[in-house]
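To keep things clear, I will list the structure first and then write my remarks on it.
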Amino acid sequence: MKTEILEILRNSEGYVSGQQLCEKFQVSRTAVWKVIEQLKEEGYQIEAIRNKGYHLKESPDILSSANLESMMRTAWAGRSVLSFDTVDSTNIQAKKLGEKDGAHGLLVVAESQTAGKGRRGRNWQSPPGNSIYMSILLRPRIAPNKAPMLTLVMAQSAAEAVREVAGADVGIKWPNDLVLNKKKVCGILTEMSAEVDYIHYVVIGIGINVNEESFPEEISRTATSLRIESGRKYRRAELIAALMQRFEENYEMFMRTEDLSGIRQSYNSLLVNRGCGVRVLEPGKEYDGRALGIRDTGELLVQKPDGTVAEVYAGEVSVRGIYGYV
């Protein structure tokens, strides 16, 4: 009921009467009052006036289940949210739920992580209060070899959401990093449980640097946040809701074709590597070339100095700028 009351207050321009809430939820005025008091304790500024009702004046930047669920405008993505203050990793928790009866589209969110990780097992810095750490549980009915494309679907969706909410000129560093002014602002990690021809579940984890004002020296040259680049603070819940809406749209487009043909053009338009010199780092060797964009199945096309075009597969190699990260 708390989520539903919060959603009603958020979507109302005026006051919502206590009697109206009582009738809608078939509860007493005392029950409604208790929910309002709970919301106030969480930081919501709710004005209560006799004979007029309740009015939401200000919302805190918290990632509670009630707050996030009340903001979702999706059919299934993020409609159910499990939130933590501190957790080992949102991916770990989402995978545990995947092994049980966790529903398709379930979103796991945390204020901080103690064991966050990125690609190739790298540590992901996860201090509390400023960033987004979240994972979505999916149960796609596709062949397991097609699941890696979902990483690019999420990258596209995250870039669109950041541009929409923050107005930031964010781009994609193939396959799954978001960059702003040549520094990383978002990382994505996809993990899967599958058999030869069947997917049990897929978990996509997303970490977005939102309101950090600084980073440790060892990563400050390659990491940034939306706040550092713009000088503004952002509401993380608003960004999560926009991301889930974009992801749901792009995911359903992907599922219709089971490839990236529906988002390929828009993905390539955001690809910071496209048309630029890149260094491809393969196990045991490396070579330079020029990135041309992605195929419908997500491989990066790289033109070598001799004119031949190589298909680079995510997960097997790293692609960097010739002179640095981008």
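The values are calculated or read from the model by the stated rules, or taken from the named source; none is laboratory data. Model, not experiment: these values are computed from the prediction. No Cβ is skipped: glycine too gets one built from the backbone with ideal geometry, and neighbour counts run over all protein chains shown.
Observations
- Residue that is among the acidic types (D, E), part of a loop (DSSP other than H, G, I, E, B) and more than 22 Å from M71 (Cβ to Cβ), where the choices are E229, E218: E218
- Considering (1) modelled with pLDDT of 85 or more; (2) touching a helix residue (DSSP H, G or I) at 6+ places or on another chain (Cβ under 7 Å), the lone condition that V27 does not fulfil carries the number (2).
- In the stretch 279-309, the residues that are surrounded by fewer than 16 Cβ atoms within 10 Å (Cβ to Cβ) and in a strand (DSSP E or B): L281, E282, K285, E286, Y287, D288, Q303, V309
- Condition check for G14 on (1) under 26 Å from E238 (Cα atoms); (2) out of contact with any strand residue (DSSP E or B) (no Cβ under 8 Å at 6 or more places or on another chain); (3) small (G, A, S): one failure, at (2).
- Number of positions in the stretch 170-209 that are over 16 Å from R320 (Cα atoms) and out of contact with any strand residue (DSSP E or B) (no Cβ under 7 Å at 6 or more places or on another chain): 4
- Boolean, E229 is of a type in the set (D, E), in contact (Cβ under 8 Å) with a residue 12 or more places away in the chain, crowded, with 17+ Cβ neighbours inside 10 Å and closer than 21 Å to T190 by Cβ: no
Residue-by-condition table, conditions (1) assigned to a helix (DSSP H, G or I); (2) surrounded by fewer than 16 Cβ atoms within 10 Å (Cβ to Cβ); (3) not aliphatic (A, V, I, L, M):
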residue	(1), (2), (3)
R10	yes, yes, yes
E13	no, yes, yes
T30	yes, yes, yes
E37	yes, yes, yes
E47	no, yes, yes
R73	no, yes, yes
N91	yes, no, yes
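- In summary, L152 fulfils each of the numbered conditions (1) touching a Pro at 6+ places or on another chain (Cβ under 7 Å); (2) at pLDDT below 95; (3) not aromatic (F, W, Y) with the single exception of condition (2).
- Subset of the stretch 153-189 (residues that are of a type in the set (A, V, I, L, M, F, W, C), under 12 Å from the mean Cα position of the chain (by Cα) and within 23 Å of D259 (Cβ to Cβ)): V153, M154, A155, A158, A159, A161, L178, I188, L189
- Looking only at the stretch 246-262, and only at residues there that are closer than 19 Å to G187 by Cα and not charged (D, E, K, R), the one that is surrounded by the most Cβ atoms within 10 Å (Cβ to Cβ): F247
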